[in-house]
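Shown next, in C-alpha cells, is the structure this report addresses.
The values are calculated or read from the model by the stated rules, or taken from the named source; none is laboratory data. No experiment lies behind these values; they were computed from the predicted model shown. Cβ placement follows ideal geometry from the backbone for every residue including glycine, while neighbour counts extend to all protein chains displayed.
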Amino acid sequence: MSAEKPFDFKTTPGKLPKEVVPSDYSIRIVPDIDQRTFDGSETIQLDVRSAVRELVLNAADVGITAATVDDKRVPASAIKIDHKNELVRIELANALSAGSHNLSLRFSGKINEQGRGLFYMRYQEEGTGAKKIALGTQFEATDARRFFPCWDEPSFRARFQLTVIVPENWLAVSNMPIESETRIDAPSSGSSAATAIKEVRFKTTPPMASYLNVLVAGELEAIETEAGGTQIRVIATKGKAKWGRYALESTAQILQYYNDYFGVPYPLPKLDQIAIPGGFGGAMENWGGITYFETGLLFDPERSSASTKQRIYEVIAHETAHQWFGNLVTMAWWDNLWLNEGFASWMGTKCTAHFNPQWEVWLSKAVPRDPTRRTGISKELEMESDARSTTHPIQQTVSTEAEANSAFDDITYRKGQAFLLMLESFLGEETFRNGIRDYIAAHKYSNSTTADLWNALSEASGTPVSEIAAGWTEQPGFPIVKMKRSGENVELIQERFTVNFPNAPAFYWHIPLTYFLVGNGIGSRLMTATTYGLMGIPTDRALKLNAQRAGNYRVQYDRASWELLMAALPELSLADRVNLLGDVWAMVQANRLTLASYFGLVRKLPRRVELAERDQIVDVCDYIDRLLIGDLAREQFQTFGRTILRPSFDQLGWDAKPNEGPRLAILRASLIQELGELNDDEIVSACRDRFQKYVIDPSSLNPDLRAAVFWVVGHYADEATWDTLHELGLRTTSIEEKQNYYEALAAARNPQLISKTLQISLTDELPTSRALYLVGKVARSSDHPELAWQFAKANMQALLAKADAVGSDSYAPSLFRFFSDRSRAEELKVYAKTNLPVTSAKDVEKAVDEVEFRADFRKRVIAQIANGALK
Ligand SMILES: [Zn+2]
C-alpha cells in the first residue's frame with residue numbers, strides 16, 4: 001500500500017499547470033432565455049508564481065470571443081481551444097513575469113436541457129398551472145467550465161463575485177447575499193421588448209473550489225428564519241415555499257448541531273435551501289445555496305408521506321454537513337472524493353439519528369445520496385458491490401473528467417460512511433470529534449487529503465489510525481470473520497468476502513472487532529493478523545461478533561456457536577438481529593449457505609414487527625421474486641413469500657394505530673407493495689377499492705400508503721386504470737404526487753401499457769431526470785426488462801439528451817441490471833463496443849458482472865427450491 005501524503009498544492013494531481021493560480025473572479029452573465037444561450041465576461045486576478053509563456057485553464061462548450069492580459073488584447077489566433085481535454089491555452093507574445101496579473105475574457109455558452117452547467121427547467125406553476133421556465137446550475141464534478149472559463153480543479157480555490165441579468169420579476173440566488181439590484185432599461189433588441197430586466201450583483205465568496213458556485217433564478221419565493229446568526233431560507237417556485245416549513249425548521253436544528261460539532265461556526269452570512277423543479281434528481285451542496293430536487297426538500301403535511309419526511313431530513317443533514325466537509329475543507333483531488341461523500345453520509349446520518357432516534361436511521365436503507373440517486377434493493381448496498389470483482393478501493397486514481405464523475409458510487413458514499421462509523425465506535429465519540437475539530441481548524445479555507453484526516457485523528461487518539469485505515473481505504477473489498485469454538489477457546493479467522501469472484505486476490509485488514517456474550521457488555525479488540533483467539537468463553541453462552549452492526553465485516557459462525565445464538569435470538573437487539581439477517585443473506589449470495597438457512601433464521605425471529613428487520617425480509621423476497629421471472633418456481637415462491645410476510649401485515653392492519661410511530665407507517669406501505677407484487681389477491685383488491693375511493697375523495701387515503709397503493713393498482717392495471725393514473729399525474733403540480741403516479745404507470749405489466757409508459761419518457765411531461773429514469777423503473781417493476789431495453793436502444797439519443805454528467809455513462813448499462821440471462825451480458829458487451837464511449841467501460845463491466853451473477857444465482861435458487869428450501 002502506498003502511504004498517501006498530506007495536502008500539498010504543487011503535487012496535487014490534475015491537468016492544469018500549478019504556476020498560475022487565480023485568486024479572484026468577477027463574472028457577469030447575460031442569459032438569452034429564448035435562444036437557450038448566454039453571453040459572459042469575466043476578469044480574473046492571477047498570482048503568477050513563476051514566469052510562463054501561456055495560460056492554461058478549463059472551458060467546455062464555451063466560445064471565447066475576446067481576451068486581454070493586463071488589459072492588452074490577445075489576438076484571436078493565440079487562443080487555442082482543446083475540446084478533447086476541455087482546456088483553453090492562451091499563448092502570450094512575451095513571458096508573463098512572476099507577480100500579480102489579470103486576465104479578461106468575453107465568452108458565450110449554452111443553456112442546457114440536462115442538468116450540466118447552466119440549465120433551464122420547464123414547470124407548471126402551483127395554483128395557476130401556468131407554464132414557466134427557471135434557470136439553475138450544476139457544476140460538480142467538472143461542469144463549472146461550461147458556465148465560465150476557469151481553473152476548474154478543486155485545489156484552485158478562489159473568491160468569486162457573480163453578476164447576472166434576469167427579468168425584473170425574478171428572484172436570483174447564488175452562494176452569497178445580493179449586494180445590489182439595478183433595474184436596466186433595456187434597449188429593446190427585437191423580441192419581447194416589454195420585459196423589464198435587472199442586474200443582480202452578488203457579494204464575493206470566500207476562497208472556494210469552482211464546482212461549488214451556484215446560480216438559480218426564476219419566479220421564486222422564500223420563507224426564512226435565523227439560527228446562530230445565520231439567515232436561513234427555503235426557496236421554491238412561486239406558490240410552493242409554504243411546503244418548505246419542515247425543511248426550514250430542520251435546517252435551523254441541523255446547523256446549530258454542526259456549529260457545535262465542528263467547533264467552527266458556519267462561515268457564510270446565509271444558507272439557502274433551494275427546491276428546483278428539474279435538472280437532476282438529487283441534491284448538490286453548493287456553498288450557501290444548496291439545490292434539491294423538489295421532493296428532497298418540500299413537505300406538504302396533507303399530501304406527503306412519512307418516508308418523504310425522513311428522507312428530507314436525511315438529505316438536508318448530508319448536504320449541510322458538506323458546508324464544512326467539502327466546502328470549508330475540500331478534498332485536494334477527486335481521488336479523495338470519499339472524504340467529502342463518505343464523511344457527509346456518516347455525519348448526516350449521525351445528526352439525523354441524534355434528533356430522530358425513532359427512525360433508526362443506522363438500520364434503514366434510505367441512505368441519502370447526491371447528486372443523483374440510483375435505485376438499489378439492499379440496505380447494505382456497498383457491501384454487495386464491494387464483494388464483487390468490479391469493486392475498487394475507496395481511494396482510487398482519477399485522471400479524467402469521466403473518472404471524476406464515475407467516482408460518485410456506492411463505494412465512495414457508503415463504504416466511506418461504514419468505515420467512519422466503525423472507526424468512531426473504536427476510537428470513542430469524544431476522541432473522534434476532537435480529531436475532527438482539529439482537522440477542520442487546521443485546514444479551513446484550504447484542501448486536504450485522507451492522510452491529513454488520519455493524522456488529526458491519530459493525534460487526538462494516540463492510536464495509529466492510518467495503519468488501521470489503510471486496508472479499508474486503499475484496498476478493495478472487506479473481510480468475513482469465521483468463528484470456531486473448541487472448548488472455552490474461540491478462534492477467529494479472517495478472509496476476504498467475495499461474491500461471484502473466484503480467485504480474488506487475498507487481502508487482510510486491521511479489524512476493530514467488537515463482541516459480547518449475550519446478556520453481558522461489549523468488548524473490543526483490534527484484529528491485526530489473519531487469526532485471533534478469544535479465551536475463557538463459557539461453552540454454554542452465546543457469543544456475538546459485530547455488536548450493533550457497527551463494523552464493516554461479515555461473520556460466519558460454526559454450528560455450535562450458531563445454535564447458541566439462535567437460542568438467544570429473542571434477547572438480541574434489533575440491530576444485532578438485522579445484522580444476522582444481512583450476513584446470512586450475503587452468504588446465500590456467496591454460495592456459503594443455502595436459501596433454507598436464511599428462511600430458517602426468519603422463522604426463528606421473535607414475532608414483534610419491527611421495520612428494519614421486516615424490511616430486510618421484504619427486500620429479499622422482492623429480489624428472489626424478480627430473479628425468478630419466467631420460471632415455474634416463481635409461483636411457488638410467491639405463495640411462500642405471502643405466508644412469510646402476510647402475518648406481519650395482519651398484525652399492522654390497514655389503519656394506523658394511535659401513537660404507533662413513523663416506522664410502522666413505512667413498514668405497512670412496504671408490506672402492501674410487496675404483497676401486491678407477490679400476487680396476494682386480498683391485498684390487490686383492497687388496493688383497487690381504496691384507489692377508487694381516493695379518486696373521488698383524496699382525503700380517504702392516508703398519504704403514507706398512497707405510493708404503495710398506486711403501485712399495486714398500476715402493476716395490475718387495465719387500460720382504463722392506466723389512463724386514470726396518467727390523468728392524475730398530468731394534473732397534479734406536486735412533484736411528489738407526480739412521482740407516485742408515474743411510478744405506478746411504470747409498474748404496469750401489460751405489454752401494451754408498458755409501451756405507453758415508455759413513450760412518456762420522450763415527452764416534456766416530466767422533468768428531464770425523471771423522464772430518463774422512467775425507463776429504468778419499467779425495467780425494474782414491469783416484469784419485462786426486455787421491453788424497456790428494446791425501447792431505450794431505439795431512442796438512445798433522445799434519452800441521453802436528458803442525462804446529466806453522472807448519468808450519461810451509466811444509463812444504458814443500468815438497464816441491463818434486471819436481466820438474469822447470460823446472453824444479455826454478451827449483448828451488452830457487443831452493444832457497448834459500437835455504441836458507448838470508452839468512459840462507460842466501468843459501468844458496463846459492473847452491469848455484465850451483475851447479469852452473470854444473477855444468472856448463476858437464479859440457477860442455484862431454482863435448484864434449492866426444487867430441493868425443498870421453502871419447506
Ligand atoms: Zn454529498
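Among (1) under 19 Å from G348 (Cβ atoms); (2) surrounded by fewer than 24 Cβ atoms within 10 Å (Cβ to Cβ), where does P269 come up short?
(1) is the only condition that P269 fails.
Pick from the stretch 144-166 the residues that are among the basic types (K, R) and buried (at least 24 other Cβ atoms within 10 Å of the Cβ): which of them is nearest to E113 (Cα to Cα)?
Across the stretch 144-166, the extreme among qualifying residues is R146.
Can T352 be described as in contact with a strand residue (DSSP E or B) (Cβ under 9 Å, 6 or more places away or on another chain), in contact (Cβ under 8 Å) with a residue 12 or more places away in the chain and part of a helix (DSSP H, G or I)?
no
Which ones in the stretch 602-627 are within 18 Å of Q548 (Cα to Cα) and either among the aliphatic types (A, V, I, L, M) or touching a strand residue (DSSP E or B) at 6+ places or on another chain (Cβ under 6 Å) (or both)?
Correct list: L605, L611, A612.
Could you check the stretch 770-796 and list, in sequence order, the residues that are within 16 Å of N750 (Cα to Cα) and free of Cβ contacts under 8 Å to residues at least 24 places away in the same chain?
Passing the criteria: only Q790.
Kindly indicate whether G471 is within 22 Å of T528 (Cβ to Cβ) and in contact with a His (Cβ under 8 Å, 6 or more places away or on another chain).
So G471 passes the test.
I'm trying to understand the selection: among the residues of the stretch 796-825, which are modelled with pLDDT of 90 or more, among the acidic types (D, E) and within 17 Å of V838 (Cβ to Cβ)?
none
Scan the stretch 537-545 and tell me whether some residue there is surrounded by 14 or more Cβ atoms within 10 Å (Cβ to Cβ) and under 34 Å from the mean Cα position of the chain (by Cα).
The answer is yes, given that some residue of the stretch 537-545 is surrounded by 14 or more Cβ atoms within 10 Å (Cβ to Cβ) and under 34 Å from the mean Cα position of the chain (by Cα).
Hey, which of the strands (runs of 3 or more DSSP E) in the stretch 33-99, taking only ones fully inside, have at least 2 residues that are surrounded by 17 or more Cβ atoms within 10 Å (Cβ to Cβ)?
37-48, 52-58, 63-69, 87-96
Out of T182, T137, T128, I need the residue that is more than 30 Å from E736 (Cβ to Cβ) and hydroxyl-bearing (S, T, Y). Which one?
T182
What is the residue count in the stretch 317-332 for residues that are farther than 29 Å from T400 by Cβ and either within 9 Å of the ligand (Cβ to nearest atom) or not polar (S, T, N, Q) (or both)?
Adding up the residues that qualify gives 1.
Just one of (1) out of contact with any Phe, Trp or Tyr (no Cβ under 8 Å at 6 or more places or on another chain); (2) in a loop (DSSP other than H, G, I, E, B); (3) buried (at least 17 other Cβ atoms within 10 Å of the Cβ) trips up R608, so point out which.
With respect to (1) out of contact with any Phe, Trp or Tyr (no Cβ under 8 Å at 6 or more places or on another chain); (2) in a loop (DSSP other than H, G, I, E, B); (3) buried (at least 17 other Cβ atoms within 10 Å of the Cβ), R608 is out only on (3).
Looking at the stretch 278-290, I want the residues that are on the phi > 0 side of the Ramachandran plot and have a partner that is within 14 Å of the ligand (Cβ to nearest atom) and part of a loop (DSSP other than H, G, I, E, B) with Cβ atoms under 9 Å, at least 6 apart or on another chain. Which pairs are those?
What qualifies is G288/Q323; G288/N327.
Out of V56, V52, V88, report the one residue that is touching a residue at least 24 places away in the same chain (Cβ under 8 Å), in contact with a strand residue (DSSP E or B) (Cβ under 7 Å, 6 or more places away or on another chain) and more than 28 Å from T163 (Cβ to Cβ).
Result of the check over V56, V52, V88: V52.
What residue, among those in the stretch 351-362 that are among the hydrophobic types (A, V, I, L, M, F, W, C) and surrounded by 23 or more Cβ atoms within 10 Å (Cβ to Cβ), is farthest from the ligand (Cβ to nearest atom)?
Looking at the filtered set, the residue picked out is W359.
If N340 meets every condition in (1) surrounded by 24 or more Cβ atoms within 10 Å (Cβ to Cβ); (2) among the polar types (S, T, N, Q); (3) at pLDDT below 95; (4) out of contact with any strand residue (DSSP E or B) (no Cβ under 7 Å at 6 or more places or on another chain) apart from one, which number is that one?
Every condition holds for N340 apart from (4).
Could you tell me which of the residues G342, G348 is within 16 Å of the ligand (Cβ to nearest atom), over 22 Å from A158 (Cα atoms), touching a His at 6+ places or on another chain (Cβ under 8 Å) and not aliphatic (A, V, I, L, M)?
When all the criteria are applied, what remains is G348.
Do you know which residues across the stretch 486-514 are in contact (Cβ under 8 Å) with a residue 12 or more places away in the chain and not in a loop (DSSP other than H, G, I, E, B)?
N489, V490, E491, L492, I493, Q494, E495, R496, I511, P512, L513, T514
Confirm whether D764 is touching a strand residue (DSSP E or B) at 6+ places or on another chain (Cβ under 7 Å), closer than 26 Å to G279 by Cβ and surrounded by 17 or more Cβ atoms within 10 Å (Cβ to Cβ).
No; evaluated as a whole, the condition is false for this residue.
Hey, among E424, E380, which residue is at pLDDT below 85 and more than 16 Å from the ligand (Cβ to nearest atom)?
One residue alone meets the criteria, E380.
Mind listing whichever residues of the stretch 282-316 are at pLDDT below 95, in a loop (DSSP other than H, G, I, E, B) and within 14 Å of the ligand (Cβ to nearest atom)?
Across the stretch 282-316, the qualifying residue is only G282.
I'd like the residue in the stretch 406-421 that is of a type outside the set (A, V, I, L, M) and closer than 10 Å to G342 by Cα and, out of all such residues, is nearest to the ligand (Cβ to nearest atom).
Only one residue tops the list, namely Y413.
State whether the residues of the stretch 581-603 include one that is touching a residue at least 12 places away in the same chain (Cβ under 8 Å) and over 23 Å from T498 (Cα atoms).
yes
Which count do you get for residues in the stretch 801-852 that are in contact with a Leu (Cβ under 8 Å, 6 or more places away or on another chain) and closer than 19 Å to F791 by Cβ?
So the answer is 10.
What residue, of A771, A748, A744, is buried (at least 21 other Cβ atoms within 10 Å of the Cβ) and in a helix (DSSP H, G or I)?
A744
Condition check ((1) outside any strand (DSSP E or B); (2) under 29 Å from the mean Cα position of the chain (by Cα); (3) not small (G, A, S)) across all residues:
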residue	(1), (2), (3)
N447	no, yes, yes
A456	yes, yes, no
W472	yes, yes, yes
K484	no, no, yes
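Can you name the number of the only condition in (1) within 17 Å of W454 (Cα to Cα); (2) of a type in the set (D, E, K, R); (3) within 15 Å of the ligand (Cβ to nearest atom) that D335 fails?
Condition (3) is where D335 drops out.
If you check E199 against the conditions, is it more than 30 Å from W333 (Cβ to Cβ) and in contact with a Lys or Arg (Cβ under 6 Å, 6 or more places away or on another chain)?
No.
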